[in-house]
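The values are calculated or read from the model by the stated rules, or taken from the named source; none is laboratory data. Just so you know, these numbers come straight off a predicted model, no measurement behind them. Every residue, glycine among them, receives a Cβ derived from its backbone with ideal geometry; neighbour counts consider all protein chains shown.
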Amino acid sequence: MHEQRTYSSFIHGSFISAPSQRADETRRQVLAPADGSILAEVYDADVTVVDQAVQAACDASAAWAGRSRTERSDVLFSLADALAAESERLARIEARDTGRPVVETREDVAATVDQFRYVASAVRVHQDELVQHTPDSYSMIEREPYGVAGLIVPWNFPFLIAGWKLAPALAAGNTCVIKPAELAPLSILELARIADSVLPPGVLNVITGDGRTGAALCTHPRVDILSFTGSPETGRRVAAAAAERTVPCLLELGGKSANILFPDAPMEKALVTAPMSILFASGQMCNAGSRLLVHEDVYESVLEELVQRFRSIRPGDPLDETTRLGPLISDEQWRRVESYVAEGQNSGARLLCGGRRLTGGAFDRGYYVEPTLFADVDPDSVIAQEEIFGPVLCVIPFRDEAHAVDIANNSVYGLAGGVWTRDWARGVRVARQIRTGTVWVNEYNLVPSGSPFGGYRQSGFGREVHMHALSEFSQTKNIFVSLSDKPVDWYALEQ
Ligand code: NAD
């Protein structure tokens, strides 16, 4: 199987030739977070390259938008098949590039393939509408693509998030320029290579680089819609760039989700799922269940159980089938997590386990951090309010339902949450009061195709994963048709 070691941007169906001048300045190494080894070298796209990519997408736009829904659907089914045929290779590339265990990245690739198939099916029934106003007047409401979609993806789930954006954007008839994160671009570059066998040139283009490349995409005058997943700070810049040019933008900006455990919870499942909801992807997950709210009647027994489970999670090489905890993405991310651990200790929270970098043997070369559990966390404290993006769980006791809802809603974010109770009515009642885009009841972290995913408040706006995303990437045109020759005469004298 071909393994490319040097990449550049993928434009109009091929990787562009490397810039001959200033090559060293524009070339960056992509490192494996597990051991610091060099996985690939990638050339950054400067404004000229970004412009070429957008131009390629513009040139391909009319023909792609002109295809019928059925034709676009067929192409996306073929793309899903092509990705499925290389799923194991893609999962291993993603595991090495992000540091996430391959048992996780296999799930991502499968979910991405499924997302393409789901959207390929959904676009066939995402029909236009005919509204009859009077017996002889109608609105033909047609859905049209925006044109060129600029898509920006973070490093934690690059392949999955790329699929969540690309599938509906393409199905709706847009052409795309996608920018992966500089820390983990490889699976998206491989996706483009595979897509080349089924998509016309220019329909999917990839530009590589850091925030400067992303900013050049956001400010490009021929990009018609933006979709971004990443940090709130960068999200605000993307939104400002979109506002400056009056183009729509969709934002998914992380969260500080509360997972609420009532004493009548299905406890065995809850105690397996709650650790997973913060340790999956080493906690580098926008919907991580990073605040666990536990009813005071079961508080101490739950803490004891959690400590056992946190200590038993197996860290290791992402490609090892038995590994359940990989490294953080970078040294910078480790330092960020370390500073939050110190902040938590200073805040008076009880550190029950973890908090240190894993060292010794192979761990010395990666950015591994112990699963970390803080109890008695003040809901107003920094570690309960800010997104840590590491395997750090903040446990907070609560008295009753109203108290739990108050704590859960004490956040600027509104992405997700969980409620654990065998009282189904209470589960739904509490879910309705939590101001987030998703609330799981007796579950956490499952986002199958068809689950609308996106945030309230500072977690952003717009929905992915559900067929609503086809509407996000379409604009409606109202063609008002009259069958009558009789004028609507405003000026006629009243009889
Ligand atoms: P980021 O938001 O800066 O990067 C996300 C993407 O945006 C990357 O592709 C990046 O190159 C690009 N980007 C950066 N600056 C840009 C700009 N001005 N215009 C357009 N695109 C730009 O996130 P990060 O620096 O990789 O991580 C910082 C923190 O963000 C993390 O510690 C974590 O808390 C959070 N984060 C959240 C998510 C999420 O899914 N919500 C994902 C990654 C990171």
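So the values come out like this:
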| read-out | value |
| --- | --- |
| Yes/no for Ser301 being hydroxyl-bearing (Ser, Thr, Tyr), buried (at least 24 other Cβ atoms within 10 Å of the Cβ) and farther than 25 Å from Pro327 by Cβ | no |
| Selection from region 152-175 of residues that are outside any helix (DSSP H, G or I), near the ligand (Cβ under 10 Å from one of its atoms) and under 19 Å from Thr213 (Cβ atoms) | Ile152, Val153, Pro154, Trp155, Asn156 |
| Sole residue being within 8 Å of the ligand (Cβ to nearest atom) and in a loop (DSSP other than H, G, I, E, B), chosen from Gly235, Gly214, Gly255, Gly289 | Gly255 |
| Within region 258-272, considering residues that are farther than 23 Å from Asn410 by Cβ and crowded, with 16+ Cβ neighbours inside 10 Å, the one nearest to the ligand (Cβ to nearest atom) | Leu271 |
| Some residue of region 219-232 being in contact (Cβ under 8 Å) with a residue 40 or more places away in the chain, part of a helix (DSSP H, G or I), not assigned by TED's automatic domain parsing to the domain that holds Arg350 and not aliphatic (A, V, I, L, M) | yes |
| Qualifying positions in region 61-76 - under 20 Å from Val113 (Cβ atoms) and outside any helix (DSSP H, G or I) | none |
| Those residues of region 49-68 which are surrounded by fewer than 20 Cβ atoms within 10 Å (Cβ to Cβ) and either at pLDDT below 95 or in contact with a Gly (Cβ under 7 Å, 6 or more places away or on another chain) (or both), in sequence order | Asp59, Ala65 |
| Where Pro200 falls short, out of the listed (1) surrounded by fewer than 24 Cβ atoms within 10 Å (Cβ to Cβ); (2) in a helix (DSSP H, G or I) | (2) |
| Check on Val119, away from the ligand (no atom under 15 Å from the Cβ), aliphatic (A, V, I, L, M), touching a residue at least 24 places away in the same chain (Cβ under 8 Å) and out of contact with any Cys (no Cβ under 7 Å at 6 or more places or on another chain) | yes |
| Residues of region 320-344 satisfying the condition of being outside any helix (DSSP H, G or I) and of a type in the set (Val, Ile, Thr) | Thr322, Thr323, Ile329 |
| Residue in region 139-149 that is at pLDDT 95 or above, over 19 Å from Leu470 (Cβ atoms) and either among the polar types (S, T, N, Q) or not in a loop (DSSP other than H, G, I, E, B) (or both) present | yes |
| Flag if Val272 is among the β-branched types (Val, Ile, Thr), part of a helix (DSSP H, G or I), more than 27 Å from Ala95 (Cβ to Cβ) and out of contact with any Gly (no Cβ under 7 Å at 6 or more places or on another chain) | no |
| Enumeration of residues in region 165-187 that are within 15 Å of the chain's Cα centre (by Cα), closer than 20 Å to Gln475 by Cβ and not aliphatic (A, V, I, L, M) | Lys165, Pro168 |
| Residue tally, condition away from the ligand (no atom under 16 Å from the Cβ) and at pLDDT below 95, over region 317-336 | 0 |
| Identity of the residue in region 394-413, of a type outside the set (Val, Ile, Thr) and buried (at least 24 other Cβ atoms within 10 Å of the Cβ), that ends up nearest to the chain's Cα centre (by Cα) | Tyr413 |
| Where Thr105 falls short, out of the listed (1) within 16 Å of the ligand (Cβ to nearest atom); (2) surrounded by fewer than 24 Cβ atoms within 10 Å (Cβ to Cβ) | (2) |
| Every pair of residues 6+ apart whose Cβ atoms lie under 8 Å, when the first sits in region 99-112 and is assigned by TED's automatic domain parsing to the domain that holds Glu88 while the second is assigned to a loop (DSSP other than H, G, I, E, B) and among the aliphatic types (A, V, I, L, M) | Gly99/Ala32; Gly99/Ala34; Gly99/Leu328; Gly99/Ile329; Val102/Leu319; Ala111/Val447 |
| Residue check for Glu94: touching a Phe, Trp or Tyr at 6+ places or on another chain (Cβ under 6 Å), within 16 Å of the ligand (Cβ to nearest atom) and farther than 21 Å from Asp74 by Cβ | yes |
| Residue ID - surrounded by the fewest Cβ atoms within 10 Å (Cβ to Cβ), chosen from residues in region 439-465 that are touching a Gly at 6+ places or on another chain (Cβ under 6 Å) and either of a type in the set (Phe, Trp, Tyr) or part of a loop (DSSP other than H, G, I, E, B) (or both) | Tyr456 |
